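Remarks on the structure that follows.
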Amino acid sequence: MTKGTSQFCPGCGSPVQLEAGKPIEHDPSPTLSKARLRNGGIAVGAALVLALILGVAIWTLSADADSPAPEAAATEAAADPDAPRPQEWFDTYVDRFLSAEIERLVVAPAQKRSFPTARGSEVTGRIEPGEMLTGRWVEGADPATRWLKIRDGSYVWEGNLAEPQTITAFGMNGFRAGDAFQSISDAFRPQGNYGSQSADWDTYACETYSSNDRLVDVMVIEGKAGSFLTVSPALKTANGIHVGSTEKALLAAYGSGKLKREANPYDGVDYFFWAGKDRGIKFHVAQGKVETITAGDRSIEYVEGCL
């Protein structure tokens, strides 16, 4: 192509002159075409829209970060573990026996109930510690518990019961302080320990007897069993203390605040656990260990028996 032949500027559309086969440089900026303006306006508008969208998104994220989280949906309150059993449970209850007939000693004030549960059953009576019960274990409304169904048809919770041999403030090995000695005399040797020393000794007024199995001695005062003493480790309290237990174990089992400590006039120390003004357990400790345990009425304080 020769000089003088015209072409158009690719940017603005104006004619240009070619020289030596190359276009003469042309600055399109002084005179922008309508198409250029239209295209530029669209680009600027798109940029503004994009910036607006980004701005809204950033503001929303910032607001969410500063705003408290919405409250979690309220959850249904847990069932009250002490609420009465549903009436349907009482209407359909059937005993599930877990044992043959046994004897158990009441070691804490107990209630007799109409069903083997404290949740909604009726209290039909009360039993004081020291009483012996006969009955059969049944599964409680809570399968983790057992109740003794006694002969009158009521139920007593196992937590208030113990083996008959258990030492309590009311007696030991199934014997109760306060019972007439005549009612338990068959379990004891006929010859009293004091009467063997004197033919005219008043065995009704004051005497001690050893049981046939040699586990227990009873102190009889005015014809009644006042207290019982053991030197056998075979018998133990509901807290697990027995002859041979350490003084440290005794204090841990009962707590020093519940034990009254007195020096024994002969040797060692006596610890008294009182379950009332006239019932208690005495632990005689010597050389750091329990040597004897006495349980019953105030006669447990006697150092030389009923002499």
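Nothing in this text is a laboratory measurement; each read-out follows from the coordinates by a stated rule. Being a predicted model, the structure only gives us computed values, none of them experimental. When we count neighbours, we look across all protein chains shown, and the Cβ atoms used for this are built from the backbone with ideal geometry, even at glycine.
Based on C-alpha pairs under 8 angstrom that are at least 6 apart in sequence, the range 148-199 has a relative contact order of 15 percent.
Scanning residues 5 or more positions from residue 194 or on other chains, those with amide H under 5 Å from its amide H are 208, with H placed 1.01 Å from N in the peptide plane. Of interest is the spacing of the C-alpha centroids, which for the range 220-299 and the range 121-195 amounts to 20 Å. The packing ranking, built from the mean of other Cβ atoms within 10 Å per residue, places the peptides 193-200, 129-136, 288-295 in the order 288-295, 129-136, 193-200, highest first.
Taking a ≥ b ≥ c as the square roots of the Cα gyration tensor eigenvalues, with a/c under 1.5 meaning rounded and otherwise prolate when a/b beats b/c, else oblate, which class fits the range 146-254? Because a/c hits 1.5 or more and a/b fails to exceed b/c, the range 146-254 counts as oblate. Derived scalar couplings between HN and Hα for the range 277-284 equal 6, 9, 9, x, 10, 10, 10, 8 Hz in order, rounded to whole Hz, by the Karplus curve 6.51 cos²θ - 1.76 cosθ + 1.60 (θ = phi - 60°), x for Gly and Pro.
According to the square roots a ≥ b ≥ c of the eigenvalues of the Cα gyration tensor, what is the shape class of the range 85-209, taking rounded for a/c under 1.5, prolate for a/b larger than b/c otherwise, and oblate for the remainder? Prolate. In the structure shown, do any of 149/277; 248/282; 112/236 have a Cα-Cα gap over 24 Å, and if so which? Going by Cα-Cα distance, 149/277; 112/236 fall outside the 24 Å limit. Computed on the range 116-230, with alpha-carbon pairs under 8 angstrom and 6+ residues apart, the relative contact order is 17 percent.
The value of relative contact order for the range 212-307, using C-alpha pairs under 8 Å at least six residues apart, is 26 percent.
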